[in-house]
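See structure below.
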Amino acid sequence: MTEAAIRTEGLSKFYGSVRALNDLSMEVTAGEVFGFLGPNGAGKTTTIRLLLGLIRPSAGKAEIFGLDSCSEPVEAHRRLSYVPAEAGLWPSLTGEETLHLLGKVNGHVDEVYRDQLVKRFELDSSRKIRAYSRGNRQKVILIAALMSRPDLMIFDEPTSGLDPLMEHEFRNCVSEARQRGQTVFLSSHILSEVEALCDRVAILRNGRLVEIGTLEEMRHLSALKMEITFAKDIPDLSAVPGVATLQSAGRTVSLQLTGPVKPLLEALAASEITELVSREPSLEELFLSLYGEGQLPKASGAHA
Amino acid sequence: MARRTLLGVLPSAVLWGVVFGLFVASSALSYAGIYKTQADRDSLAAAFGANVSTSALFGPAPQLQTVAGFTVFKIWLTVALIGGIWGLMASTKLLRGDEDSGRWELLLSGATTREQATFQVLLGLLGGTVALWIATAALAVATGRSPEFNVAVRPALYLALSLATTAFMFMGVGAFTSQLGAARRQAAAYGGWILGISYALRMVADSGTGLHWLIWTSPLGWVEMLQPLTSPKPISLLPIFGFTCLLGYLSVVLAGRRDVGASLIQERSRSGPRLLLLSGHMGLAVRMLRPVIASWGTAVAAVGVLLGYIAYAAGETLSKSSMQTIYARLGASGAGIKAFLGVSFLMLAVMLSFVAVGQLTAVRAEEADQRLDQFLARPVTRIGWLAGRLAIAVSFLAALGILSGVMAWLGVAIESSAVSLPTLLAAGLNIAAPAVCILGISTLVFGFLPRATAIVGYGLVSWSLLVEFVGGIGALNHWIFDTSLFHQMNAAPAIGPNITSDSWMAAIGVAAALAGCILFARRDIQGG
């Protein structure tokens, strides 16, 4: 049986009447790269701070490799590293001094890998934190998290402030971590990043888990996008089950299809078609379909 | 922006204005109660009026036989120093502090320039000073109506103005040093040095060594020369306003000429690795504390040696004066050098208590700025982290206590061998007891109400100081007097330290700190 790197059961956090996180139950398997999505205020950072034991749950519990986040935080933290969206660091220390300090606190550092990371992220580690740009401060904290090669890495918007080249480097590091069997919990707004890296994705909304699964599993939630070009007259497809948002331009029709394809194919059988393009929704389209139109999927699939 | 600044600074301005007004009222009204006859008053004036040592330390005392003269002598320096520190902290916070945090950039992205924004903040700060003056003046005028004080409205307003001027000047100093230092801490440190040098120059000028002209080189000297209620010299307002306006002008010009976030005194942006002490959170805390240790160590050593040096002469005159009544109320019974040192160590006790609260304020800042997350997301326990910080703080307080005793002994040894080193070492450790108690209580507050740590800690020190100040001149009953932590320690070396009382204070401090640690371990980490 595969070990769970992260497990939450009914995890909730209330601030007075505000439910920042409500009844979150999920499991992240050791060795997987797990994406954590949601709009601002959905409860992503609250979840991460609960996992780290920085805040106390109002109900439920969180475990890291079977260790309770609240009662056994030190043992749990020996196996993880954390990158916040914006790191609080010590302005008078240099990058090198900061990495040395955080390595000592961690207790174990792969020094060769650390030096490689400094080069790969093009960090001038002799500069003081005060003199760094936001992106460079983020590099320091990313290197500090990666250099100890922990079993679990928790990233909260890790690439905020990084340029595209460094974002690419970060993706390489995550891919390497996956190959080594490390677990990655990635909360991000950059959907292409999540799509490129993650094995599974969870989506939060208003403190509730609304969807969890692989991208393939989640794509069924969104409509298939189709463009059909006809040689002659365009048939009436408005009554076909599952077809929506019909638009036509000349002899080309754009539509979205949810559910089985068979009724549409039957409706098209009598027509002469010159081109038919069909594609699955991207994660961004999936995300927008969940939030942009205010739809809330059923929670039936929300427990892994 | 001026309005926003004014709103930010108004509560503390009014609070300190009221405190300054209470100083005036308590000092004036209690004088009449203690020195009932003209003979008592003449005796006081004869003892301290021409005493060079007290003049150097507290300023000249030209008319101690009058309520007005005594009141000014008694309060002006305390108010000047508190006002100066407040003004410095307020302006560095609203200028360099906002720039540090990035808020300045947001403000400057609006329809304003760096010069305009700085000018607007200075206007808001000026409004804060006016509020402080009004609050002080209201109480001074009201006190002036009492038959004991009997001061007309205009002199009372002038008195309040003289008490507000240091705050006004050091707001200007803070605005200027905010252009010099790259961080608020640096800007405040530069301003602190200006305040310290200003005090030292004034002290030399009043030391009877023929260098009285130096008084005109010191901002605190200008304030001293205002001489409200005794022989007013409004002409001294000219250098005060001129100096402040010059600093304000320079601040506006310099703010316009430098980049946002930059400073005139450039810090080295890179350096070779210095890994000493960077082996864990405690080592880092010690490393970060080094400038604080150096500053407070210098201040405590200087005050200690100075008090020791003047103790012999002051003790001699004290033996012959009715000030013994006041000293006795402060716990320094007896006469002579030890009685003087007994009360003088109170000043050092206040300094140590401010150090104690400062330590907890720094702990809270680590949490608010999310630097603490870096440790707590690693294998570091909350209790271990906080207990480490407290251990460092207690060691620091004990070291400062010992340092004050040694330096006071060195000062005394120049003139006399009347007080031994072990006696003064015991006096030094004695003043650490209330500081440890305040440290523990501040930790308790940090444990369950972290955002209130600074206000409760500094409030407790201020309350204890105010009660001690007012109680010392006979204006309070003993129930209120007993609420002052400084009143709970014996005025060593006037009398020996009260081990029981000191142990109780330390025990309360330790118990409160333990409770604070436990509460901290159970609460949410709260950002700023």
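The values are calculated or read from the model by the stated rules, or taken from the named source; none is laboratory data. Note that this is a predicted model, so its numbers are computed, not measured. With ideal geometry, Cβ positions are generated from the backbone for all residues, glycine too; neighbour counts draw on all protein chains shown.
Which of the residues belonging to the range B:369-387 are more than 7 Å from chain A (Cβ to nearest Cβ) and within 19 Å of residue A:98 (Cβ to Cβ)?
Taking the range B:369-387 as the starting set, the residues that turn out to be more than 7 Å from chain A (Cβ to nearest Cβ) are B:372, B:382-387.
Scanning the range B:369-387 gives B:372, B:385.
Closer than 30 Å to residue A:18 by Cα and among the β-branched types (Val, Ile, Thr), is that true of residue A:228? No; evaluated as a whole, the condition is false for this residue.
Looking at the structure I just gave you, is residue B:169 touching a residue at least 40 places away in the same chain (Cβ under 8 Å), under 26 Å from residue B:139 (Cβ atoms) and in a helix (DSSP H, G or I)?
Working: touching a residue at least 40 places away in the same chain (Cβ under 8 Å): yes; under 26 Å from residue B:139 (Cβ atoms): yes; in a helix (DSSP H, G or I): yes.
Yes, satisfied.
Within the range A:259-282, if we keep just the residues that are within 23 Å of residue A:214 (Cβ to Cβ) and touching a strand residue (DSSP E or B) at 6+ places or on another chain (Cβ under 7 Å), the residue that is surrounded by the most Cβ atoms within 10 Å (Cβ to Cβ) turns out to be A:281. Within the range A:42-60, restricting attention to residues that are assigned to a loop (DSSP other than H, G, I, E, B) and touching a residue at least 12 places away in the same chain (Cβ under 8 Å), the residue that is farthest from the other protein chains (Cβ to nearest Cβ) is A:42.
Condition check ((1) touching a Ser or Thr at 6+ places or on another chain (Cβ under 7 Å); (2) assigned by TED's automatic domain parsing to the domain that holds residue B:224; (3) not in a helix (DSSP H, G or I)) across all residues:
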| position | (1), (2), (3) |
| --- | --- |
| B:85 | no, yes, no |
| B:88 | no, yes, no |
| B:95 | yes, yes, no |
| B:99 | no, yes, no |
| B:104 | no, yes, no |
| B:107 | no, yes, no |
| B:110 | no, yes, yes |
| B:118 | yes, yes, no |
| B:124 | yes, yes, no |
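Residues of the range B:218-245 that are under 14 Å from residue B:158 (Cβ atoms) and part of a loop (DSSP other than H, G, I, E, B): B:226, B:227, B:228, B:229, B:230, B:231, B:232, B:233.
Applying the condition of being of a type in the set (A, V, I, L, M) and under 16 Å from residue A:149 (Cα atoms) to the range A:160-177 and asking which residue is surrounded by the fewest Cβ atoms within 10 Å (Cβ to Cβ) yields A:177.
Name the residues in the range B:261-287 that are more than 11 Å from every other protein chain (Cβ to nearest Cβ) and surrounded by 14 or more Cβ atoms within 10 Å (Cβ to Cβ), would you? Once the filter is applied, which keeps residues that are more than 11 Å from every other protein chain (Cβ to nearest Cβ) and surrounded by 14 or more Cβ atoms within 10 Å (Cβ to Cβ), the range B:261-287 yields only B:286.
Tell me the residue from B:215, B:194 that is at pLDDT below 95, assigned by TED's automatic domain parsing to the domain that holds residue B:139, in a helix (DSSP H, G or I) and touching a Pro at 6+ places or on another chain (Cβ under 9 Å), please.
Details: B:215 fails: touching a Pro at 6+ places or on another chain (Cβ under 9 Å).
Matching residue, one of B:215, B:194: B:194.
Pick out the one residue from A:115, A:110 that is modelled with pLDDT under 95, among the charged types (D, E, K, R), out of contact with any helix residue (DSSP H, G or I) (no Cβ under 8 Å at 6 or more places or on another chain) and closer than 22 Å to residue A:144 by Cα.
On the way: A:115 fails: modelled with pLDDT under 95.
Of A:115, A:110, the one residue that is modelled with pLDDT under 95, among the charged types (D, E, K, R), out of contact with any helix residue (DSSP H, G or I) (no Cβ under 8 Å at 6 or more places or on another chain) and closer than 22 Å to residue A:144 by Cα is A:110.
Could you check, for the range A:21-40, whether at least one of its residues is surrounded by 18 or more Cβ atoms within 10 Å (Cβ to Cβ), over 19 Å from residue A:187 (Cα atoms) and of a type in the set (A, V, I, L, M)? Among the residues of the range A:21-40, not one is surrounded by 18 or more Cβ atoms within 10 Å (Cβ to Cβ), over 19 Å from residue A:187 (Cα atoms) and of a type in the set (A, V, I, L, M), which makes the answer no. Within the range B:249-270, residues that are over 27 Å from residue A:98 (Cβ atoms) and not assigned by TED's automatic domain parsing to the domain that holds residue B:91 reach no partner that is β-branched (Val, Ile, Thr) and not in a loop (DSSP other than H, G, I, E, B) with beta carbons closer than 6 Å at six or more positions or on different chains.
Restricted to the range B:510-528, and to residues that are small (Gly, Ala, Ser) and more than 25 Å from residue A:88 (Cα to Cα), which residue is nearest to the other protein chains (Cβ to nearest Cβ)? Outline the logic, then answer.
Keep residues of the range B:510-528 that are small (Gly, Ala, Ser), which gives B:511-513, B:515-516, B:521, B:527-528.
Filter once more, keeping what is more than 25 Å from residue A:88 (Cα to Cα): B:511-513, B:515.
Working: B:511: 24, B:512: 22, B:513: 21, B:515: 18 Å.
So, considering only residues that are small (Gly, Ala, Ser) and more than 25 Å from residue A:88 (Cα to Cα), the one nearest to the other protein chains (Cβ to nearest Cβ) is B:515.
Given the criteria surrounded by fewer than 22 Cβ atoms within 10 Å (Cβ to Cβ) and either of a type in the set (Ser, Thr, Tyr) or without any contact (Cβ under 8 Å) to a residue 40 or more places away in the chain (or both), does residue B:142 qualify? Talk me through it step by step, then tell me what you get.
On the way: surrounded by fewer than 22 Cβ atoms within 10 Å (Cβ to Cβ): yes; either of a type in the set (Ser, Thr, Tyr) or without any contact (Cβ under 8 Å) to a residue 40 or more places away in the chain (or both): no.
No; evaluated as a whole, the condition is false for this residue.
Listed by position, the helices (runs of 4 or more DSSP H) inside the range A:61-149 whose residues that are facing chain B (nearest Cβ under 10 Å) number at least 1 are A:73-77, A:95-106, A:134-146. Residue B:62 meets the conditions (1) at pLDDT below 85; (2) within 11 Å of the chain's Cα centre (by Cα) in every case but one. The failed one is (2).
The set of residues in the range A:150-185 being more than 22 Å from residue A:201 (Cα to Cα) and within 14 Å of chain B (Cβ to nearest Cβ) consists of A:161 alone. For the range A:239-262, taking the residues that are under 18 Å from residue A:272 (Cα atoms) and free of Cβ contacts under 8 Å to residues at least 12 places away in the same chain, the one that is nearest to the chain's Cα centre (by Cα) is identified as A:262.
Checking each residue in the range B:420-454 for being over 14 Å from residue B:359 (Cα atoms) and not aliphatic (A, V, I, L, M) picks out B:420, B:422, B:423, B:428, B:430, B:434, B:447, B:448, B:451.
Among the residues of the range A:235-256, the one identified as at pLDDT 85 or above, surrounded by fewer than 17 Cβ atoms within 10 Å (Cβ to Cβ) and β-branched (Val, Ile, Thr) is A:252.
If I ask for residues that are within 12 Å of residue B:271 (Cα to Cα) and either polar (S, T, N, Q) or buried (at least 19 other Cβ atoms within 10 Å of the Cβ) (or both), which ones from the range A:113-126 would you list? Working first, answer last.
Residues of the range A:113-126 within 12 Å of residue B:271 (Cα to Cα): A:124-126.
Once the filter is applied, which keeps residues that are within 12 Å of residue B:271 (Cα to Cα) and either polar (S, T, N, Q) or buried (at least 19 other Cβ atoms within 10 Å of the Cβ) (or both), the range A:113-126 yields A:125, A:126.
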